[in-house]
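Only one structure is covered here, and it is reproduced in the block below.
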Amino acid sequence: MKKNYHDEPKTKRHVTLTQTASDHLDAIAKEAGLSRSEVIERLIRSMSVWEAGFVLSEDGWSSCVDHTNDSPLPSPDETV
């Protein structure tokens, strides 16, 4: 059984992603050996609110590197 690092229960949420972002999330989760939801949880928790606000702003996002094409995507028969 995996340890719950967050000391609170998770609740099912609905997230809408492009196919490219979903495939990249699958690749990140597979590489990390984590579930998709745990990857999202850790990525969100690892960023301060002010840092996220800058990165997600129009000016900040245009300076970011899109890494979705940097790593090989899992083949369709692989599941996370």
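Every read-out reported here was derived from the displayed coordinates using simple, explicitly stated rules and does not represent laboratory data. Source: prediction; values computed, not measured. Heads up, the Cβs are rebuilt from the backbone with ideal geometry, glycines too, and the neighbour counts pull from every protein chain shown.
Here are a few things to note about the model shown:
- Binned Cα-Cα distances of the range 1-61, short to long, each 10 Å bin given as a whole percent: 18, 43, 35, 4, 0
- Sites matching trypsin sites (Lys or Arg not before Pro) across the range 7-38 that sit in DSSP coil, with at most 11 neighbouring C-beta atoms within 10 Å: Lys10, Lys12, Arg13
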